[in-house]
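The values are calculated or read from the model by the stated rules, or taken from the named source; none is laboratory data. Model, not experiment: these values are computed from the prediction. Neighbour counts are summed over all protein chains in view; Cβ atoms, including those assigned to glycine, are modelled from backbone coordinates with ideal geometry.
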Amino acid sequence: MTRELERIQGGELLAAISNAMVRLRKEHAGKGPTEAKTYWAGDDMLIVLMGGGYTAAEETLYQEGRGDTVRHSRQAFQDVLEGRMREIIGDMTRREVVAFMSASHQSPDLALEVFVLAPTESDSPTTARDQTSPEG
């Protein structure tokens, strides 16, 4: 991990994740999303929403009524990149990715990547304050 990654957090971290995901898609598909935004959903889930980025081939297939082919192709592509995406998120958040889900939508052109992260040490049952209910 670089020293740069050790310093970023908050909105800067979310922007860096968005940029890394766009770069990854561009590197492997020849074209990347035109928009991307990353959100925290609670303490342990990251959502990356990307828009735009149909390749010329995908656009042609979609226009000719072959949206199913585009959808299957995109799912296969996301499956292939899953390991790389998990690695990016793990490195940038310094947390293990315990689950990954992916979906795409054609009109509008959107892709969604969801990463569930291992709880932080402070969230661990062994380090959290005793939260048992009082005896009645």
- Task: Would you tally the residues in the range 7-36 being touching a Ser or Thr at 6+ places or on another chain (Cβ under 6 Å) and assigned to a strand (DSSP E or B)?
- Result: 1
- Among 121, 113, 58, the single one that is within 15 Å of the chain's Cα centre (by Cα) and of a type in the set (Asp, Glu) is 113
- Inspect the range 95-106 for any residue being assigned to a helix (DSSP H, G or I) and either more than 18 Å from residue 34 (Cβ to Cβ) or modelled with pLDDT of 90 or more (or both) and give the result as yes or no. no
- Would you mind telling me which numbered condition in (1) surrounded by 17 or more Cβ atoms within 10 Å (Cβ to Cβ); (2) over 30 Å from residue 11 (Cβ atoms); (3) modelled with pLDDT of 95 or more residue 62 fails? (3)
- Restricting the range 42-53 to residues that are touching a residue at least 12 places away in the same chain (Cβ under 8 Å) and over 15 Å from residue 105 (Cβ atoms), the residue that is surrounded by the most Cβ atoms within 10 Å (Cβ to Cβ): 46
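Filter the range 74-120 for residues that are of a type in the set (A, V, I, L, M) and over 20 Å from residue 40 (Cα atoms); which is surrounded by the most Cβ atoms within 10 Å (Cβ to Cβ)? Before you say what the answer is, go through the steps one by one.
Within the range 74-120, the first condition is being of a type in the set (A, V, I, L, M), and the residues that meet it are 76, 80-81, 85, 88-89, 92, 97-99, 101, 103, 110-112, 114, 116-118.
From what is left, the residues that are over 20 Å from residue 40 (Cα atoms) are 76, 80-81.
Working: 76: 10, 80: 10, 81: 19.
Taking the candidates together, the pick is 81.
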- Taking only the range 61-110 into account, find how many residues are more than 11 Å from the chain's Cα centre (by Cα) and touching a residue at least 60 places away in the same chain (Cβ under 8 Å). 5
